[in-house]
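The values are calculated or read from the model by the stated rules, or taken from the named source; none is laboratory data. The shown structure was predicted, so the numbers you read here are calculated from the model rather than taken from an experiment. Using ideal geometry, Cβ is built from the backbone for each residue, glycine included, and neighbour counts are taken over all protein chains shown. The protein model used for the area step is the full one, side chains on, heavy atoms only, and it has no ligands, DNA or RNA in it. Shrake-Rupley method; radii C 1.70, N 1.55, O 1.52, S 1.80 Å.
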Protein chains: 2
Amino acid sequence: MADKRAVLLVIDGMADRPLIDHDYKTPMEYANTPNMDRLAKGGLVGLLDPIAPGVRPGSDVANMALLGYDPSKYYTGRGALEAIGAGIELRTTDVAFRCNFATVDNDFRVEDRRAGRIRKASKLAKAVDEIKIGGVPGVKTIFKATVEHRGVLVLRGEKLSRMVSDVDPKEEGLKIGIAKAIDSSEEAKRTAAAVNEFVKRSHEVLREHPLNQERANNGEKVANIVLTRGGGTVPTLPSFKSMFDLRGACISGTAMIKGLATVAGIEVIDVKGASGSLKTDYEAKAKATIESSKDKNFILLHVKAPDIAGHDGDFKAKVRTLEEADTLVGHIIEEVDIGMNYFDLTSDHATPVAYGTHTGDPVPVVIGGPDVPASRILKLSESTAARGNLGRIRGVNLMPIITDLVGRSRLYGS
Amino acid sequence: MADKRAVLLVIDGMADRPLIDHDYKTPMEYANTPNMDRLAKGGLVGLLDPIAPGVRPGSDVANMALLGYDPSKYYTGRGALEAIGAGIELRTTDVAFRCNFATVDNDFRVEDRRAGRIRKASKLAKAVDEIKIGGVPGVKTIFKATVEHRGVLVLRGEKLSRMVSDVDPKEEGLKIGIAKAIDSSEEAKRTAAAVNEFVKRSHEVLREHPLNQERANNGEKVANIVLTRGGGTVPTLPSFKSMFDLRGACISGTAMIKGLATVAGIEVIDVKGASGSLKTDYEAKAKATIESSKDKNFILLHVKAPDIAGHDGDFKAKVRTLEEADTLVGHIIEEVDIGMNYFDLTSDHATPVAYGTHTGDPVPVVIGGPDVPASRILKLSESTAARGNLGRIRGVNLMPIITDLVGRSRLYGS
């Protein structure tokens with residue numbers, strides 16, 4: 001038997017809830033997605049609870065679960081995954097944080113959590129990276145910009161802990177938080193002090209920065225502070241190869257996903273045009289997927305845009321990004337022979353446009369390929385998936401199913 | 001966004017099995033339940049395993065799970081829940097038992113486990129409460145009647161254990177049991193001795209009681225002994241508020257449910273007419289539900305009658321009690337705006353009339369309210385729920401789903 005392959009496409013934030021002002025339809029029901037529909041019709045279709053019914057997951061724990069790693073066992077915070085995904089070589093003693101460039105007023109009240117979704121943050125990031133903190137002996141900081149307004153902060157030194165609270169208040173109009181120790185350890189106190197000093201210094205450095213003067217002159221929001229959240233250390237994951245006997249590749253524009261793949265020993269393939277933003281290049285992604293599938297037998301493909309549209313509460317954009325993701329599905333189905341190989345499609349969580357945030361709903365999951373019964377579903381959606389032929393599974397169940405279908409599962413028992 | 005509310009209606013013993021002498025229909029299929037059907041049509045419908053598939057649950061563990069508390073982690077026997085629900089302030093060192101007034105012959109063989117479903121047991125209970133046991137130093141007894149033939153016994157003192165066997169043989173025609181230590185602890189032995197002395201003394205006190213002379217003269221079954229079962233200590237539950245960020249109220253005529261709510265920090269609202277029997281006042285319950293929903297955002301509403309009909313093996317009564325529960329659903333739907341709020345309906349277990357006892361079947365579950373996809377099911381039943389749009393969930397999954405829908409779930413991960 002030839003080596004069967006599996007592609008897993010994770011469409012971030014795909015699922016939604018019916019909208020009263022759109023005929024009680026969801027964006028999936030509204031979108032024209034002939035390729036997804038075709039895949040669903042001939043394959044296994046069901047609902048997937050990323051973690052468990054009703055549990056509202058962050059993308060980190062959800063994608064961990066989709067890759068077969070139980071977050072209750074392995075999760076050590078998001079920051080380290082972001083930092084590794086941004087190309088920083090982390091040490092096991094480092095603590096890393098997700099960061100946003102943001103706009104605060106003189107009272108440290110947040111005017112814009114994303115500093116007008118600033119695009120060219122690398123020069124600002126350079127200035128922030130040069131910050132030296134002195135208040136916590138033996139701790140230095142590393143800062144790097146990732147996508148748009150996002151970046152990562154690494155605290156490097158001894159006796160650090162991820163158990164510190166977020167500075168980012170996650171809501172505009174509120175004052176920024178003060179990092180506090182979540183547990184009573186000396187390490188958490190040291191870390192909180194280092195974070196607070198860094199945030200203060202970032203404001204001092206950024207408010208004077210010429211690029212911000214320029215932004216102000218152009219009437220743009222200034223990126224005058226860095227807000228931290230999601231402190232994390234490197235998780236200890238058994239390798240993906242050891243768990244599922246698959247040679248994995250990952251194609252994503254999102255730092256956290258790339259970091260997760262790296263830690264799992266899945267090769268990250270950088271694709272020009274895969275930006276992790278609304279304007280990602282789907283054809284480049286499809287080609288890279290096909291290219292990398294030549295010497296890999298598992299490809300994790302991640303599309304970020306529908307989640308962004310959901311967070312923005314933009315119904316039209318969500319429909320459009322789903323239709324664009326559908327063209328990606330079409331490109332891949334054409335090139336990867338799904339009479340021989342498997343194409344699996346799901347999401348890490350719902351990001352309903354009416355809520356602008358993740359919810360705990362189950363998400364549709366499709367498993368297409370040889371030797372699976374056809375669902376005969378005509379249109380893939382949250383509702384039709386609920387009556388599919390796969391039933392209701394959990395995130396951590398998906399990789400074992402895929403592994404078994406491609407013929408690489410180990411016998412349990414004898 | 002306004003504070004969304006959720007009502008959870010638990011219809012005790014609702015589910016059943018198809019009956020050959022009723023056209024292979026279940027009582028749910030036979031009953032005329034237009035309000036439940038309407039709720040089901042527009043909402044999420046599925047099957048719920050109270051504990052896990054095939055596990056036959058008591059009402060205590062099942063309702064614990066429905067409230068989001070995993071019984072494998074928190075269950076410490078039923079007796080303490082009954083005692084607390086009956087208004088006894090329990091100490092953590094107390095051991096409490098469910099009790100029945102029963103009829104035994106001179107050989108201690110059980111003629112009627114419910115002493116003819118005696119209604120006025122409070123005078124008998126007073127006599128039993130005055131019993132002093134002397135055989136186990138430092139242990140005293142407290143006894144209180146609850147509903148019909150039911151009551152609770154509390155053993156108060158040092159070195160007691162809930163690990164003792166039941167005196168109630170749970171079947172008529174059998175001799176009563178002797179309480180025995182289930183484990184090898186000194187505490188269990190002491191407790192068993194105290195229970196046995198109490199049961200013996202209850203027989204001595206009751207057989208001479210004037211009220212029983214009167215019952216005998218009227219041709220009624222005498223309540224000449226108290227039988228114990230379900231020893232328990234107060235469970236240590238994290239508060240419902242801390243788990244689900246909801247301000248809860250509970251309306252039930254059943255002592256165990258009230259006890260469970262009390263231990264979880266859910267306010268018990270006593271409703272005149274909510275009797276926990278076949279003749280409960282559904283309109284009073286509906287009004288109380290609506291009244292209490294004004295300053296609470298979660299209301300647990302419990303209807304006992306269908307379970308009693310199931311235990312009695314009375315098909316007609318079960319159909320009738322389901323139809324009465326349906327009128328309760330109707331009253332609430334009218335008053336609580338389910339365009340804004342959630343109304344959830346399920347059961348703690350099946351009590352099939354052909355079996356007269358709980359079985360391990362899954363039960364229907366309905367979640368109605370805004371932003372959920374419509375099941376389009378026309379008639380709610382065990383069979384239609386099995387093909388619903390919610391799939392098959394477990395008891396402990398329900399509260400996280402409800403919490404997420406009302407917008408109070410915490411993000412897991414980041």
Open item on the list: Treating the point 7 Å from Cα along Cα-beta-carbon as the label, what are the nm separations from A:Gly138 to the other copies, to one decimal?
Closed with: 5.1
Task: Whole-Å semi-axes of the ellipsoid equivalent to the range B:133-278 (Cα gyration tensor, √5λ, descending) - done: 30, 24, 13
- [ ] Determine how large the accessible area of A:Asp21 is when every protein chain is in place; take a 1.4 Å probe and give Å² rounded to the nearest 10.
- [x] 110
Open item on the list: Accessible area per residue for the protein assembly as shown in Å², computed with a 1.4 Å probe and the full protein assembly in place, what is it?
Closed with: 40
Open item on the list: Please report the carbon-and-sulfur percent of the accessible area for the range A:212-328; probe 1.4 Å, protein heavy atoms only, DNA, RNA and ligands left out.
Closed with: 47
- [ ] With a Förster radius of 41 Å, plug the Cβ-Cβ distance of B:Lys180 and B:Ile290 into 1/(1 + (r/R0)^6) and report the FRET value to the nearest 0.05.
- [x] 0.25
- [ ] Give the angle, between 0 and 90 degrees and rounded to the nearest 10, that separates the Cα long axis of helix A:395-405 from the longest principal axis of the Cα atoms of chain A.
- [x] 40
Task: Exercise: per-residue mean of other protein chain Cβ atoms within 10 Å, A:48-61 - done: 6
Task: Whole-percent pair-distance distribution, where bins are 20 Å wide, for the alpha carbons of chain A - done: 27, 55, 18, 0
Task: Rel. contact order, % - alpha carbon contacts under 8 angstrom, at least six apart, chain B - done: 32
TODO: Please average, across the residues of B:403-409, the number of beta carbons from any other chain that are within 10 Å of each residue's own beta carbon, and give a whole number.
DONE: 4
- [ ] Hey, could you get me the Stokes-Einstein D for the range B:316-414, Kirkwood radius over alpha-carbon pairs, 25 °C and 0.890 mPa s, rounded to whole µm² s⁻¹?
- [x] 159
- [ ] Calculate one ³J(HN,Hα) per residue across the range B:162-177 by plugging θ = phi - 60° into the Karplus curve 6.51 cos²θ - 1.76 cosθ + 1.60, and present them in order as whole Hz with x for glycine and proline.
- [x] 7, 7, 10, 7, 7, 7, 5, x, 6, 8, 6, x, 8, 6, 5, x
- [ ] For the range B:355-401 and the range B:177-226, write down the distance between their C-alpha centroids in whole Å.
- [x] 42
TODO: Counting helices only, and only those DSSP H runs with n ≥ 4, report the 222 nm mean residue ellipticity of the protein assembly as shown as the sum of -39,500 (n - 2.57) divided by its residues, in deg cm²/dmol to the nearest 500.
DONE: -9500 deg cm²/dmol
TODO: Beta carbons within 10 angstrom, averaged per residue: use that to sort the peptides B:216-222, B:247-253, highest first.
DONE: B:247-253, B:216-222
TODO: Please average, across the residues of A:392-400, the number of beta carbons from any other chain that are within 10 Å of each residue's own beta carbon, and give a whole number.
DONE: 1
Task: In Hz, Karplus ³J(HN,Hα) per residue of the range B:31-36 (6.51, -1.76, 1.60; θ = phi - 60°; x = Gly, Pro) - done: 6, 8, 10, x, 6, 4
TODO: Average the reciprocal distances over every distinct pair of alpha-carbons in the protein assembly as shown, invert the result, and give the Kirkwood radius in Å.
DONE: 29.6
Open item on the list: Using a 1.4 angstrom probe on the protein heavy atoms only, could you order B:Asp12, B:Asp295, A:Asp166 from most to least accessible area?
Closed with: B:Asp295, A:Asp166, B:Asp12
Task: In nm, spacing of pseudo-spin labels at B:Arg387 and B:Arg91 (7 Å Cα→C-beta vector) - done: 5.9
Task: Computed magnitude of the charge dipole of the range A:354-414 (debye, nearest 20; Cβ of K, R +1, Cβ of D, E -1) - done: 80
Task: Rounded FRET efficiency, nearest 0.05, which uses the C-beta distance separating B:Met340 from A:Asp105 and R0 of 45 Å - done: 0.80
TODO: Would you work out what percent of the accessible area of the range A:63-149, with all protein chains in place, is carbon or sulfur (probe 1.4 Å)?
DONE: 46
- [ ] Work out the length of the dipole vector of the range B:261-381 about its Cα centre, built from +1 on the beta-carbon of each Lys and Arg and -1 on the beta-carbon of each Asp and Glu, and round it to the nearest 20 debye.
- [x] 240
Open item on the list: 7 Å from Cα along Cα→Cβ at both B:Lys132 and B:Glu214: what's the point-to-point distance in nm?
Closed with: 2.8
Task: Label-point gap, in nm, between A:Lys241 and A:Glu158 - each point 7 angstrom along Cα→Cβ - done: 3.6
Task: D_trans [Stokes-Einstein, Kirkwood Rh over alpha-carbon pairs] for the range B:127-174, 10 °C, 1.306 mPa s, µm² s⁻¹ - done: 124
Task: Degrees separating the helix B:282-292 axis from the principal Cα axis of chain B, which is the longest one - done: 70
TODO: Give the angle, between 0 and 90 degrees and rounded to the nearest 10, that separates the Cα long axis of helix B:186-207 from the longest principal axis of the Cα atoms of chain B.
DONE: 80
Task: Compactness relative to 2.2 N^0.38 Å, alpha carbon Rg of the range A:251-390 - done: 1.07
TODO: Mind checking which of A:Ile338, A:Gly253, A:His358 is farthest towards the positive end of chain A's charge dipole, using Cβ charges of +1 (Lys, Arg) and -1 (Asp, Glu) about the Cα centre?
DONE: A:Gly253
Task: For the range A:15-75, alpha-carbon Rg over 2.2 N^0.38 Å - done: 1.42
TODO: Work out from phi, with θ = phi - 60° and the Karplus expression 6.51 cos²θ - 1.76 cosθ + 1.60, the ³J(HN,Hα) of each residue of the range B:320-325, listed in order in whole Hz, and give x for Gly and Pro.
DONE: 5, 5, 5, 5, 5, 4
Task: the range A:7-163: mean projected area of Cα convex hull, nm² - done: 14.1
- [ ] Calculate the dipole size of the range B:1-151 relative to its Cα centre from +1 charges on Lys and Arg beta carbons and -1 charges on Asp and Glu beta carbons; express the result in debye to the nearest 20.
- [x] 460
Open item on the list: Taking amide H atoms as placed 1.01 Å from N in the peptide plane, list the residues 5 or more away in sequence, or in a different chain, whose amide H sits under 5 Å from that of B:Tyr342.
Closed with: B:Arg5, B:Ala6, B:Val7
TODO: Run the 1.4 Å probe and let me know the accessible area of B:Asp70, rounded to the nearest 10 Å².
DONE: 60
